[in-house]
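See below for the structure under consideration.
The values are calculated or read from the model by the stated rules, or taken from the named source; none is laboratory data. Computed from a predicted structure; not experimentally measured. Cβ sites come from the backbone with ideal geometry, for glycine too, and all protein chains shown count toward neighbours.
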Amino acid sequence: MSMQIKRPKGTQDVIPADIRKWRTVERITSEAAERFGFREIRTPVFEDTGLYVRSVGDTSDVVTKEMYTVSSKGDDTFTLRPEGTAGVVRAMLENGILNEGLPQKVYYIIPCYRHEKPQAGRLREFHQFGVEMFGSASPYADAEIILLARSVLESCGIGGLELHINSIGCPECRAKYKEALKGYFEGYKSELCDTCLERLDKNPMRILDCKSPVCKEIANGAPVILDYLCDDCREHFESLKSILEDCGVKFTVDPKIVRGLDYYTRTVFEFITDCIGAQGTVCGGGRYDGLVSELGGQKTPALGFGMGLERLILTMQSSGAAFAEQPVCDIYLVPAGEEAHRRCAVLTDLLRQRGIAAEYDLMERGVKAQMKYADKIKAKYACVIGSDELESNIARVKNMSTGEETAVSLGCFADEFMKIINSAGD
């Protein structure tokens, strides 16, 4: 007997019983984005590897540890998408969209791939809802992005939300901060993990993002980026705080937020909740004003956020949020005999053309077994059609909840069934 093949580690199947949860979050996220004026964009699931090295940063964990990279038959290498922003920027440039009126606002719902240790809400194949805005350097744009993220999370019914914000400055003020960080961490070289020792010279800010308990404890005493902001970055951050306050949005300034990707500048933020046990991030984002020019375009301010759908669904479940109901069969036709079977095939097709979810027997069961199956799939109505019904041209439609039966002409079955469900409010 051959061994059964299992799904790859770090992936999951979304079975029919769970698809309603996915449809719920996909509907909520897309409707919220479009309400804020964002349009959907779709990009390839794999890109030239150089795109991610240049955008995400060659010192980030994503590039150094987590990317799935493959070689084509030629000399090129391609990488399965580890995040959404870089591919969107590439697409905006390649298709000339940034030459149109600004700001440009897009959103996406995509699968992404990272090779990391699988855990609850964090898989190797995961799905992300993200938004990107191009063209505005205004703190009002930062506030708009944050308000959109809040709208999505509140519409999902997630409680216990906390907004944490920070500014990591521009390249000029961040250079001074990196020097201060390097000087601080130099005093702890013997205690840092191997990864952070590598980061020390290349990008000491990445040490602040380390998950090692020892490195996290050391980082608690590190210099704070807010003390090194230039006047422009400080003014931008203060303006954002004022706008959020005007909109009634509570927030915590959290200097420890640096985000995990190198392209961020100025504003960074996270929405955190304790609905899934220990506090966890359900949304993160910020500005990346230098990324468009880094990838070959004109200098263009930009910002956005991403949220993982797997973690979002877990959090919604823990919050007791409501999901869309599973679609059910409106009517199940029960044929008795070959001629009735042919008639049921035609009637089912007519019903479906009218927008009715209709099914009939495909397993050649007896009438009793068919009725049992109709009950199992929670069909709202059932209708037995046999030789007597074909001869009289009349069948009886049974309400499966009340047992009430209604006589219906087979000659205008779809029209008369529409009247039944309209009068019942189904």
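Before moving on, here are some points about what is shown:
- Answer residue from the stretch 210-241, given it is within 16 Å of Asn166 (Cβ to Cβ) and of a type in the set (S, T, N, Q) and is surrounded by the fewest Cβ atoms within 10 Å (Cβ to Cβ) among those: Asn220
- Screening Lys189, Lys176, Lys216 for residues that are over 28 Å from the mean Cα position of the chain (by Cα), under 30 Å from Glu245 (Cβ atoms) and not assigned by TED's automatic domain parsing to the domain that holds Gly285 leaves exactly one candidate, Lys176.
- When Arg343, Arg311 are screened for being within 36 Å of the chain's Cα centre (by Cα), among the basic types (Lys, Arg) and not in a strand (DSSP E or B), only Arg311 passes.
- Summed over the stretch 387-425, the residues that are of a type outside the set (A, V, I, L, M, F, W, C) and either touching a residue at least 24 places away in the same chain (Cβ under 8 Å) or assigned to a helix (DSSP H, G or I) (or both) give a count of 12.
- Qualifying residues in the stretch 390-412 (those that are of a type in the set (Ser, Thr, Tyr) and under 17 Å from Lys378 (Cβ atoms)) - the one surrounded by the most Cβ atoms within 10 Å (Cβ to Cβ): Ser401
- Val249 surrounded by fewer than 17 Cβ atoms within 10 Å (Cβ to Cβ) and in contact (Cβ under 8 Å) with a residue 12 or more places away in the chain: yes
- Among the candidates Ala357, Ala302, residue that is at pLDDT 95 or above, within 30 Å of Ser55 (Cβ to Cβ) and not hydroxyl-bearing (Ser, Thr, Tyr): Ala302
- Among (1) more than 21 Å from the chain's Cα centre (by Cα); (2) modelled with pLDDT of 95 or more; (3) surrounded by 14 or more Cβ atoms within 10 Å (Cβ to Cβ); (4) among the polar types (S, T, N, Q) - the single one Ser60 does not satisfy: (2)
- Beta carbons closer than 9 Å, at least 6 apart along the sequence or on distinct chains, pair a first residue in the stretch 200-212 that is in a loop (DSSP other than H, G, I, E, B) with a second that is among the small types (Gly, Ala, Ser) for Asn203/Gly57; Asn203/Ser60; Cys210/Ala219.
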